[in-house]
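Novice: The structure that follows is given in the form of structure tokens.
The values are calculated or read from the model by the stated rules, or taken from the named source; none is laboratory data. Owing to the predicted nature of the structure, the values given are computational and were not obtained by experimental measurement. Methodologically, a virtual Cβ is constructed for each residue, glycine included, from the backbone with ideal geometry; neighbour enumeration extends over all protein chains shown. To get the accessible areas, we keep the full protein, side chains included, count just its heavy atoms, and leave off ligands, DNA and RNA. Shrake-Rupley method; radii C 1.70, N 1.55, O 1.52, S 1.80 Å.
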Amino acid sequence: GCSTAQVTQEFAPYPEMFREAGADIIIAPLAPILGADAAPIAHAISTSLAALSNQHEEMRFGELLRRVRCHLLAEGYPGVLGLVSFGDADWIFGG
């Protein structure tokens, strides 16, 4: 979570800065996310992407993030509702 390190800068410029630096997809929180939620969220996203790389199934990033949100919300991690992605949600992973 962003507030765990006592961050004093505004969040707003970071997604734009990453886009300007060439990032195609940025995942960012709209509100502070507790560390207890942040670690499982990051783990779920990374393991979902890794699993797709080993399967024949293809999935757009927007759908992957939607599935991760649904799964983690059902598991009791409400911080996942604060996540948004910027960029190209139509990137296809897997296959």
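Novice: Where does the chain land at 222 nm, in deg cm²/dmol rounded to the nearest 500, when only DSSP H runs of n ≥ 4 count, each adding -39500 (n - 2.57), divided by all residues?
Specialist: -14000 deg cm²/dmol
Novice: Also: For residue 91 and residue 16, compute 0.36 nm times the residue count separating them, minus their Cα-Cα distance, and round to one decimal in nm.
Specialist: Extra length available between residue 91 and residue 16 comes to 25.1 nm.
Novice: Specify the angular offset, from 0 to 90 degrees and rounded to the nearest 10, of the alpha carbon long axis of helix 61-74 from the longest principal axis of the alpha carbons in the chain.
Specialist: 70 degrees
Novice: Using a 7 Å offset from the Cα along the Cα-to-Cβ direction at both residue 56 and residue 39, what is the distance between the two label points in nm, to one decimal?
Specialist: Placing both labels 7 Å along Cα→Cβ, they lie 3.8 nm apart.
Novice: Mind checking the dipole of the chain: about its Cα centre, +1 per Lys or Arg Cβ, -1 per Asp or Glu Cβ, Debye to the nearest 20?
Specialist: 220 debye
Novice: Using a 1.4 Å probe over the heavy atoms of the protein chains, calculate the carbon and sulfur portion of the accessible area of the chain as a whole percent.
Specialist: 57 percent
Novice: Let me ask something additional. Output the relative contact order of the chain, whole-number percent, from Cα pairs under 8 angstrom with separation of 6+ residues.
Specialist: 40 percent
Novice: So for the pair residue 66, residue 84, with labels modelled 7 Å out along Cα→Cβ, what separation do we get in nm?
Specialist: Taking the two extended label points, one gets 1.8 nm.
Novice: Give the shape of the chain as rounded, prolate or oblate, defined through the alpha-carbon gyration tensor: a ≥ b ≥ c are the square roots of its eigenvalues, a/c under 1.5 means rounded, and otherwise the shape is prolate if a/b is larger than b/c and oblate if not.
Specialist: Oblate shape, in that a/c is at least 1.5 and b/c is the bigger or equal ratio.
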